[in-house]
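Worksheet for the structure shown next.
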Amino acid sequence: MGNNKVKSPHVLIFPLPLQGPVNCMLKLAELLAINGLHVTFLNTDYIQNCLLKHTHVQSRFENYPGFRFETIPDGLHQHHPRTADKFVDITNGIEEVMRPLFIEMLTNGNLSSKSTKPVSFIISDGFYSFAADLAKDAGIPLVYFPTISPCAQWAFFCLPRLIDLAEVPFKEEDYDRKVSGVPGAENFLRQRDLPSYFRNTDLNHPIIQCILKEIQQIPRSQGLILNSSELIDGPMISQISTLCPNIYNIGPLHSLHKSILLSTQKASSHINSSNSLWEDDKSCMTWLDAQPQKSVIYISIGSLAVMTVDQLKELWHGIVNSGKRFLWALRPGSIAGEDDKYAIPPELSEATKERGCIVSWVFQEEVLAHPAIGLFLTHSGWNSTLESLVEGVPMICWPYFVDQQVNSRLVQEVWRVGIDLKDSCDRVTFEKAVREIMEDKKDEFESSASKIAKLAHQSVADQGGSARYNFNRLVEDIREMTQRTPAHD
Ligand code: UDP
């Protein structure tokens, strides 16, 4: 320090081109920018266009002179649905189009040492295993940020052990067998609760190979960011630290982001801004204002999951039969094969009009924080799970893929804040679960949910919160590590 060659670090943030990771990493980017770091956020063209169309990211980030967006194509045509059932197209696009372009940008292009503003630090999604070699060759420190849950990430790390123990692959008749190959989770994980990809019976499947590659590369980086805290996920985080000793637990990140913005005068007007890829429906907030406290079930299966028309009907019947009010964010394209059209089952139309509010997309953090919400029927994406935990809202979990099978098990068996309905979909089960949470065991669920919410708030507290501490440590380490790299001189 004191050397006039010292410049502000330039951090490249490279999220997976999906709503959850982009939302998460934009929050991290903003926190780094508040701390005076230069940040380049690398989005796909598709994601960037959605953000520009439906949010105020452009004007929000103009507040930070050192911040800029860069874009890269994702290799898919404009109208590709980019949903979970077509996930292989997304990963192929990453491998065949994004990867070579990213390498070019970082070795010769406008992020490279040949450019006027070379990147001096990389924060990349854990999925991009190619980033490790690239960063090493370029002499740039790299920290991975897998935005899935720590428990699922730990299960990924344990895949070789699970294969050795013959616990993966497994057959459907073994779904209820407890798993011993994920240390720390022996008491609650069954084979059906492992990440969805582990249901694959072919170990040569590209996604299994991709996970095996990813778990070798992550420990080679200078650190690992996790979106959780010791108070919520302590046992899993300490397991991961046996492989990756430098962990920055900065979660729940959306809550840390809000709390830091609240204490930063300059940014306070942006707290209630979403990073949505679809347009947030505002009318549902007015509808919620008119509902009694904790009376409404909020339903959403996130940004990628899809359901069949039959599943839609079962869910709808179950909710209506419970007699509760509901707010449903029914994302365009989330009903398989239905081209955004769905027919309200005629026998349900009256009850739906009376007690329901159906919209396409909401600003979920704001919805979950509304006092009228009493239950979240969720696909158990990690961001949705954290957002619900922070607001103390109990959950019915209906997981679709990736880490959701793991998260839903944690919700039921570890935090005891919900009911896990994985692998089932019938109206009677949905109705029963709603009644259990909102009537029969209401006090029990509300009390565990408020306990976890307290822990989440403690984690981000400005006095003694672990997320605050770890975030500050990350900023200091970025400054320190970038002073040591040749790319910085
Ligand atoms: N989300 C939202 N509005 C909706 C549905 C989802 O803002 O109507 C946000 C939600 O707050 C979360 C993200 O989309 O931050 C979804 O991420 P998650 O990890 O829960 O699931 P994914 O969509 O990746 O499956």
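The values are calculated or read from the model by the stated rules, or taken from the named source; none is laboratory data. Predicted model only: the values in this text are computed from it and were never measured. Note that each Cβ is placed from the backbone with ideal geometry, even for glycine, and that neighbours are counted across all protein chains shown.
Given the condition more than 8 Å from the ligand (Cβ to nearest atom) and of a type in the set (Asp, Glu), answer yes or no: does some residue in the range 369-390 qualify?
no
Restricting to the range 401-418, what's the tally of residues that are crowded, with 24+ Cβ neighbours inside 10 Å and more than 30 Å from Val88 (Cβ to Cβ)?
2
Output the number of the condition that Leu375 fails; it satisfies all remaining conditions of (1) under 20 Å from the mean Cα position of the chain (by Cα); (2) assigned to a helix (DSSP H, G or I); (3) touching a residue at least 24 places away in the same chain (Cβ under 8 Å).
Failed condition: (2).
Which numbered condition in (1) within 16 Å of the ligand (Cβ to nearest atom); (2) in contact (Cβ under 8 Å) with a residue 40 or more places away in the chain; (3) surrounded by fewer than 21 Cβ atoms within 10 Å (Cβ to Cβ) is the only one that Lys86 fails?
Tallying (1) within 16 Å of the ligand (Cβ to nearest atom); (2) in contact (Cβ under 8 Å) with a residue 40 or more places away in the chain; (3) surrounded by fewer than 21 Cβ atoms within 10 Å (Cβ to Cβ), Lys86 fails exactly one: (2).
A quick yes/no check of all residues on (1) of a type in the set (Lys, Arg); (2) under 30 Å from Leu224 (Cα atoms):
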site	(1), (2)
Lys422	yes, yes
Asp426	no, no
Ile452	no, yes
His457	no, yes
Gln463	no, yes
Asn472	no, yes
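Can you give me the number of residues within the range 270-303 that are within 17 Å of the chain's Cα centre (by Cα) and farther than 21 Å from Leu375 by Cβ?
5
Read through the list (1) over 19 Å from Gly381 (Cα atoms); (2) in contact (Cβ under 8 Å) with a residue 24 or more places away in the chain, then give the number of the only condition that Leu226 fails.
Checking Leu226 against (1) over 19 Å from Gly381 (Cα atoms); (2) in contact (Cβ under 8 Å) with a residue 24 or more places away in the chain, the one that fails is (1).
State whether the residues of the range 334-357 include one that is within 12 Å of the ligand (Cβ to nearest atom) and either farther than 17 Å from Ala84 by Cβ or surrounded by fewer than 16 Cβ atoms within 10 Å (Cβ to Cβ) (or both).
Scanning the range 334-357, I find no residue that is within 12 Å of the ligand (Cβ to nearest atom) and either farther than 17 Å from Ala84 by Cβ or surrounded by fewer than 16 Cβ atoms within 10 Å (Cβ to Cβ) (or both), so the answer is no.
On the given criteria, is Tyr400 within 16 Å of the ligand (Cβ to nearest atom), free of Cβ contacts under 8 Å to residues at least 40 places away in the same chain, in a loop (DSSP other than H, G, I, E, B) and among the aromatic types (Phe, Trp, Tyr)?
no
Identify, from the list Val393, Val428, the residue that is buried (at least 24 other Cβ atoms within 10 Å of the Cβ) and in contact with a helix residue (DSSP H, G or I) (Cβ under 8 Å, 6 or more places away or on another chain).
Only one candidate qualifies: Val393.
So, in the range 317-333, exactly how many residues are away from the ligand (no atom under 16 Å from the Cβ) and either among the charged types (D, E, K, R) or under 23 Å from Cys50 (Cα atoms) (or both)?
2
Failed condition for Leu111, given (1) over 16 Å from Ala29 (Cβ atoms); (2) surrounded by 20 or more Cβ atoms within 10 Å (Cβ to Cβ), with all others met?
In the conditions (1) over 16 Å from Ala29 (Cβ atoms); (2) surrounded by 20 or more Cβ atoms within 10 Å (Cβ to Cβ), Leu111 misses (1) alone.
Restricting to the range 178-207, and then to whatever is of a type in the set (D, E, K, R) and assigned to a loop (DSSP other than H, G, I, E, B), can you tell me which residue is surrounded by the fewest Cβ atoms within 10 Å (Cβ to Cβ)?
Restricting to residues being of a type in the set (D, E, K, R) and assigned to a loop (DSSP other than H, G, I, E, B), the top hit is Asp202.
If a residue must be in contact with a His (Cβ under 6 Å, 6 or more places away or on another chain) and of a type in the set (D, E, K, R), how many such residues does the range 388-431 contain?
1
Is there any pair linking a residue in the range 439-452 that is under 14 Å from Cys397 (Cβ atoms) to one that is surrounded by 13 or more Cβ atoms within 10 Å (Cβ to Cβ), with Cβ under 7 Å and at least six apart or on different chains, and which?
From residues that are under 14 Å from Cys397 (Cβ atoms), the pairs are Phe445/Pro394; Phe445/Val417; Phe445/Ile437; Ala449/Gly392; Ala449/Val393; Ala449/Pro394; Ala449/Val417.
Looking at the range 453-468, which of the residues that are more than 15 Å from His254 (Cβ to Cβ) and touching a Leu at 6+ places or on another chain (Cβ under 8 Å) is surrounded by the most Cβ atoms within 10 Å (Cβ to Cβ)?
Ser466
Considering the range 22-70 alone, what residues qualify as being crowded, with 19+ Cβ neighbours inside 10 Å, touching a residue at least 40 places away in the same chain (Cβ under 8 Å), part of a strand (DSSP E or B) and not hydroxyl-bearing (Ser, Thr, Tyr)?
Result: His38, Leu42.
Let me confirm something: among Glu95, Glu104, which residue is outside any loop (DSSP other than H, G, I, E, B) and either more than 30 Å from Gly337 (Cβ to Cβ) or at pLDDT 95 or above (or both)?
After applying the criteria, what remains is Glu104.
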